[in-house]
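Structure, as structure tokens:
The values are calculated or read from the model by the stated rules, or taken from the named source; none is laboratory data. A quick note: this is a predicted structure, and the numbers were derived from the prediction, not measured. Cβ placement follows ideal geometry from the backbone for every residue including glycine, while neighbour counts extend to all protein chains displayed. Calculation scope for accessible area: heavy atoms of the full protein, side chains included, ligands and nucleic acids excluded. Shrake-Rupley method; radii C 1.70, N 1.55, O 1.52, S 1.80 Å.
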Amino acid sequence: METDPGFIAALEEARKGAAEGGVPIGSALVAADGTILGRGHNMRLQKGSATLHAEISTFENAGRLPASVYRGATCYTTLSPCDMCTGSCVMYKVKRVVIGENETFVGGEEYLKQRGIEVVVLKNKECQELMKKFIAEKPEEWNEDIGEP
Ligand SMILES: [Zn+2]
């Protein structure tokens, strides 16, 4: 699954975020037929945004879609999704969430499963390293990103 085009896109987005000095988390939304519907990365620091986590950026970049498209889709994300992003996946009833890593942070994985969404965790080293580096360099920005004082 680490070779899925959706995961590769999410990882590329995380690297872009890192290069911009932002929170290095990327995401991609992939339709049942494999089409990448949208991709994006966390833009909180870049845009001074309260909500643009990677998954929300991705849903936003994918634009308005019929409900049926989300239901067969996979949301790839390089880090375990927070409550806000979990909520988007639950609301649109995506089929599957593929997570790069959940050592740095565990979000709403149990809630996703309870709502019938398949959850896969890849334990990807590069995703972990991107987060480790960011948190070491910008601990306050990381806490702010996950709503911690
Ligand atoms: Zn989030």
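Values computed for the structure shown
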quantity: Radius of gyration and maximum dimension Dmax of segment 1-77, Cα, Å; calculated: 12.0, 36
quantity: Full-extension gain in nm, E118 to Q46, via 0.36 nm per residue minus C-alpha separation; calculated: 22.8 nm
quantity: Helical mean residue ellipticity (222 nm; -39500 (n - 2.57) per DSSP H run of 4+; nearest 500) of the chain; calculated: -12500 deg cm²/dmol
quantity: Mean separation of Cα contacts under 8 Å (6+ apart) over length of the chain, as relative contact order %; calculated: 20
quantity: I146 accessible area, 1.4 Å probe, all protein chains in place, Å² to nearest 10; calculated: 50
quantity: Estimated D of segment 108-149 in µm² per second, where Rh is the Kirkwood radius over Cα pairs and Stokes-Einstein applies at 4 °C, 1.567 mPa s; calculated: 105
quantity: Local electrostatic count at K132 - Lys and Arg +1, Asp and Glu -1, tallied over other residues with Cβ under 11 Å; calculated: -3
quantity: Cut-off 12 Å between beta-carbons: net charge of the residues surrounding S27, Lys and Arg +1, Asp and Glu -1; calculated: -2
quantity: Rh (Kirkwood; distinct C-alpha pairs) - segment 5-146, Å; calculated: 14.5
quantity: Packing rank of 121-130, 4-13, where each peptide gets the mean count of other beta carbons within 10 Å, highest leading; calculated: 4-13, 121-130
